[in-house]
Amino acid sequence: MNYMNVDYSTKIPNNVNLSEDRQVLKALEGWHPGYMDWWSDMGPEGFQQSLVYLRTAYSVDPRGWAKFDYVKMPEYRWGILLAPQEENRVIPFGENYGKPAWQEVPGEHRATLRRLIVIQGDTEPASVEQQRHLGKTAPSLYDLRNLFQVNVEEGRHLWAMVYLLQKYFGRDGREEADDLLRRRSGDADSPRMLGAFNEATPDWLSFFMFTYFTDRDGKMQLHSLAQSGFDPLSRTCRFMLTEEAHHMFVGETGISRVVQRTCEAMKEAGITDPNDIAKVRALGVIDLPTIQKKLHLHYSLSLDLFGSEVSTNAANAFNAGIKGRYKETSIDDDHQLKNATYPVLKLVDGVIKRVDEPALTALNMRLRDDYTQDCVKGLLRWNKVISLAGFDYKLTLPNVAFHRQIGEFRDVHATPEGVLIDDATWNKRRNEWLPSPADGDFIASLMKPVTEIGEYAPWISPPKVGIDNKPGDFEYVKIDT
Ligand SMILES: [Fe+2]
Ligand SMILES: [Fe+2]
């Protein structure tokens, strides 16, 4: 069998030779109806009978892996795709450094591996649930299509994790796979596992922030798991990263287009002060200070996803060879972190200080730092849009102590600049830094759907290029079919 191309002859497209792996094929086919029920209950609201111009993976060859065509979402071919097996791959870090990568789950690491796969798996359907209402208010057919592309691919990522659970973890893996369809984002009794995935995504600015900041946490996690000594997990994550890149593109360009439209409108109206919120809002665009507040919110929620700065779980997973560092193989050190230290931001006697910690226990902090660096790229692009339009305003990332629920700073309040403040000051001023109900109402008032071909809502600029190089008047979604 050619591992580059995907076999579409079984009900579940795959490049893992499922037609000869009857037991796993049976387990997946057994799981399929529950998945379809979940999709119809919790997937995109409406548009299930519309034809959407979607890409489907037909190969894992990085030079050409996707095919675009009109598909009804419930007929999307969700499949199991792993990057090709590297010959003689070795474990690139930890106590088993240099030993052959595992093709089966090592008994002593079973529980840890299962937990990591379940946590990753849980985020995938969660984001689909969070975004399910957005189709109704899409600013264009182009954006509507992008939303659905992200949604079907998050669905596929769920399949990817479920395959690992069902193939390698026997009965408890199958139970975990069922539970992934049972939890619901924001549900009081059975919520999704991580905080950011239980938050609402009430409007399209939130969606763009989510795909920029929260999908990027996913990118960092997938990169670390792509280093795993458990080879099937590594191969799975490597291919997921190919798809994930588009999600972050949707976020980055989405925010860029919002910022651009706001700047254009201010310029046309002769507004020189971007902080003149009332005047800017009267133009029907989102003022930059409100964009900054949304950014504060989504960045801080996403930082929480990295867990505690100092963590023995992270150290154990690294030592075991299960979860590596971002770009592990290109780091020049012993890959075991025997005597290394890493600076961690901590709260010491009420002051934020850098403290050297053993690098092994500081792995979450390191990954979070890599994440922050990665986030900065988008800010540079957005700020360039603002400065090119001639405005003196800069979007910034808040201090890591700002608005945290997990880790060192969970019990304190800080301003976006990182100045520690008391409860009363926080309560009085939080609406200056985070979206207030009034901000939410204003954004909601702009969320009117635009479904005419080639048209865009007045609060967002058209994209520079179409998807799959399509022209501006391309019908990305045929709504009534
Ligand atoms: Fe994903
Ligand atoms: Fe994603």
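Data table
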{"item": "Unique match (being modelled with pLDDT under 95 and farther than 15 Å from Lys323 by Cα) among Gln103, Gln85", "result": "Gln85"}
{"item": "Helices (runs of 4 or more DSSP H) enclosed by the range 164-283 - at least 2 residues per element that are surrounded by 21 or more Cβ atoms within 10 Å (Cβ to Cβ)", "result": "170-182, 204-209, 215-226, 231-269"}
{"item": "Residue among Leu194, Leu222, Leu180 that is within 14 Å of ligand 1 (Cβ to nearest atom), of a type outside the set (Phe, Trp, Tyr) and over 17 Å from the mean Cα position of the chain (by Cα)", "result": "Leu180"}
{"item": "Candidate set from the range 5-55 (those that are free of Cβ contacts under 8 Å to residues at least 40 places away in the same chain and open to solvent by less than 30 Å² (accessible area, probe 1.4 Å)); member that is farthest from Thr137 (Cα to Cα)", "result": "Leu25"}
{"item": "Selection within the range 439-456 - touching a Phe, Trp or Tyr at 6+ places or on another chain (Cβ under 8 Å) and open to solvent by 60 Å² or more (accessible area, probe 1.4 Å)", "result": "Ile453"}
{"item": "Members of the range 232-254 that are within 16 Å of ligand 2 (Cβ to nearest atom) and among the aliphatic types (A, V, I, L, M)", "result": "Met240, Leu241, Ala245, Met248, Val250"}
{"item": "Scope the range 1-16; condition in a loop (DSSP other than H, G, I, E, B) and either under 15 Å from Leu164 (Cβ atoms) or modelled with pLDDT under 90 (or both); matching residues", "result": "Met1, Asn2, Tyr3, Met4, Val6, Tyr8, Ser9, Thr10, Lys11, Ile12, Asn15, Val16"}
{"item": "Test for Leu113: is it under 21 Å from Tyr326 (Cα atoms), assigned to a helix (DSSP H, G or I) and touching a helix residue (DSSP H, G or I) at 6+ places or on another chain (Cβ under 9 Å)", "result": "yes"}
{"item": "Meets criteria (without any contact (Cβ under 8 Å) to a residue 40 or more places away in the chain, polar (S, T, N, Q) and either surrounded by 13 or more Cβ atoms within 10 Å (Cβ to Cβ) or part of a strand (DSSP E or B) (or both)) for Asn383", "result": "yes"}
{"item": "Near pairs, Cβ below 6 angstrom, 6+ apart or cross-chain, from the range 198-210 (farther than 18 Å from Asn146 by Cβ) to any residue that is open to solvent by 10 Å² or more (accessible area, probe 1.4 Å)", "result": "Asn198/Ser185; Asn198/Gly186; Asn198/Pro191"}
{"item": "Of all residues making up the range 460-476, the number that are more than 22 Å from Thr290 (Cα to Cα), open to solvent by less than 30 Å² (accessible area, probe 1.4 Å) and either in a loop (DSSP other than H, G, I, E, B) or of a type outside the set (Val, Ile, Thr) (or both)", "result": "2"}
{"item": "Single match in Ala196, Ala160, Ala226, Ala200 (criterion: within 16 Å of ligand 2 (Cβ to nearest atom) and at pLDDT below 95)", "result": "Ala196"}
{"item": "Subset of the range 97-128 [open to solvent by 10 Å² or more (accessible area, probe 1.4 Å) and in contact with a Phe, Trp or Tyr (Cβ under 9 Å, 6 or more places away or on another chain)]", "result": "Ala101, Trp102, Gln103, Glu104, Val105, Pro106, His109, Arg110, Arg114, Thr123"}
{"item": "Ile286 vs. criteria at pLDDT 95 or above, open to solvent by less than 20 Å² (accessible area, probe 1.4 Å) and over 20 Å from the mean Cα position of the chain (by Cα)", "result": "yes"}
{"item": "Hits in the range 122-155 (condition: part of a helix (DSSP H, G or I), closer than 18 Å to Glu252 by Cα, more than 10 Å from ligand 2 (Cβ to nearest atom) and of a type in the set (Ser, Thr, Tyr))", "result": "Tyr142"}
{"item": "Ser436 vs. criteria loosely packed, with under 14 Cβ neighbours inside 10 Å and not charged (D, E, K, R)", "result": "no"}
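For every residue, the table says whether it meets (1) surrounded by 13 or more Cβ atoms within 10 Å (Cβ to Cβ); (2) of a type outside the set (A, V, I, L, M, F, W, C); (3) out of contact with any Asp or Glu (no Cβ under 6 Å at 6 or more places or on another chain); (4) closer than 27 Å to Ala269 by Cβ.
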residue: Gly378; (1), (2), (3), (4): yes, yes, no, yes
residue: Gly407; (1), (2), (3), (4): yes, yes, no, no
residue: Leu420; (1), (2), (3), (4): yes, no, yes, no
residue: Pro458; (1), (2), (3), (4): yes, yes, yes, yes
residue: Lys478; (1), (2), (3), (4): yes, yes, yes, no
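The values are calculated or read from the model by the stated rules, or taken from the named source; none is laboratory data. What you are looking at is a predicted structure, and each value in this text was computed from that prediction instead of being measured. Glycine also receives a Cβ, built like all others from the backbone with ideal geometry; neighbour counts cover every protein chain displayed. Surface accessibility is based on the protein's heavy atoms, side chains included, excluding ligands, DNA and RNA. Shrake-Rupley method; radii C 1.70, N 1.55, O 1.52, S 1.80 Å.
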